[in-house]
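Novice: This is the structure, below, for whatever I ask next.
The values are calculated or read from the model by the stated rules, or taken from the named source; none is laboratory data. Since this is a predicted model, take the numbers as computed values, not measurements. In this analysis, Cβ positions are derived from the backbone assuming ideal geometry, glycine residues included, and neighbour counts consider all displayed protein chains. Remember, those area values only see protein heavy atoms, side chains included, never the ligands or the DNA or RNA. Shrake-Rupley method; radii C 1.70, N 1.55, O 1.52, S 1.80 Å.
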Amino acid sequence: MHFDILTLFPEMFSGPLTTSILGKAQESGLVSVDIWNIRDYALDKHRIVDDTPYGGGAGMVLKADVLVRAIESVRGDSKTPVIYLSPQGKVFDQQMAAEIGELPRVILLSGHYEEIDERVRSHWVDLELSIGDYVLTGGELPAMVVVDAVTRLLPGVLGDERSHLQDSFQDGLLDHPHYTRPASFRGLEVPEVLLSGHHDHIRRFRLKESLRRTMLRRPDLLEKKSLTKEERQLLKELATEYSAEGRVNTNESD
Ligand code: 9WO
């Protein structure tokens, strides 16, 4: 998989993409990233990339000719899709990460501070993505978020091939709680079942705790998910726990 990133601040990308899992994924050739400076596609002597908005108002607008020169030069004659990172985009989620991971190559366009000329958005951008409902100073951090979320799903990137299959969201549920030694810490005990070595009891406990967290914190995810018979049974048990007569022995506060 290859990412091309168009940005006015290439130096922002040096840390995250070369560290840890993403650095290793690049070293082993599972993913490659090229960073392109949008300013290199400004041809005037002051290398101007932006201008004031028609109609007036605050801020500046990235110029269409500079952006299109950058996009077309990087894309060549390939049909590589262009993804623009903006708060107006469709909200990025785990399923979109998996879908982008099926593509051989994408171009990520990051604006900084300024908006882009609308004609670039309508005629050269294939997909507009938001990583959440907040405004940042630019699309650079969101572009890195997309690269990270997509890359870790690529085969061979995570050491343990199974580990992303057990992620939060991979099966539409939040993750279960985790514990490590010691079994007793300041009087706080690790749940007995996790020490039992009984793999099916452990699996069922974790599934129930995933359902509990999802029910309490993200009921919207439960509504979207199709439930197995076992999941429906566990949710029934949880419903009893949280009903008036069962309101004892729960970890979660609400
Ligand atoms: C800048 C500005 C200046 C004066 C008046 C109004 C203004 N609005 C903006 C603005 O929203 N700038 C954005 C900065 C333009 C697109 C790139 N930027 C950006 C992307 N901020 N936050 C994101 C982003 C992208 C994906 N997911 C979440 C946030």
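Novice: Could you check Glu114 against (1) farther than 14 Å from Lys63 by Cα; (2) in contact with a strand residue (DSSP E or B) (Cβ under 9 Å, 6 or more places away or on another chain) and say which number it fails?
Specialist: Checking Glu114 against (1) farther than 14 Å from Lys63 by Cα; (2) in contact with a strand residue (DSSP E or B) (Cβ under 9 Å, 6 or more places away or on another chain), the one that fails is (1).
Novice: Here is a list of conditions, (1) open to solvent by 70 Å² or more (accessible area, probe 1.4 Å); (2) within 15 Å of the ligand (Cβ to nearest atom); (3) farther than 18 Å from Asp126 by Cβ, and Thr19 meets all of them except one; can you say which number that is?
Specialist: (2)
Let's see how each residue does on (1) outside any loop (DSSP other than H, G, I, E, B); (2) at pLDDT 95 or above:
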position	(1), (2)
Asp4	yes, yes
Gly15	yes, no
Ala25	yes, no
Gly29	no, yes
Trp36	yes, yes
His46	no, yes
Tyr54	no, yes
Gly59	no, no
Val68	yes, yes
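Novice: Take Glu72 and tell me if it is more than 16 Å from the ligand (Cβ to nearest atom) and open to solvent by 80 Å² or more (accessible area, probe 1.4 Å). Step through it out loud before you land on a result.
Specialist: On the way: more than 16 Å from the ligand (Cβ to nearest atom): yes; open to solvent by 80 Å² or more (accessible area, probe 1.4 Å): yes.
In short, yes.
Novice: Collect the residues in region 97-144 that are among the basic types (Lys, Arg) and either within 12 Å of the ligand (Cβ to nearest atom) or crowded, with 21+ Cβ neighbours inside 10 Å (or both), keeping them in residue-number order. Please lay out each step first, then the result.
Specialist: Here is the first cut: in region 97-144, the ones among the basic types (Lys, Arg) are 105, 119, 121.
Listed by number, the list holds a single entry, Arg121.
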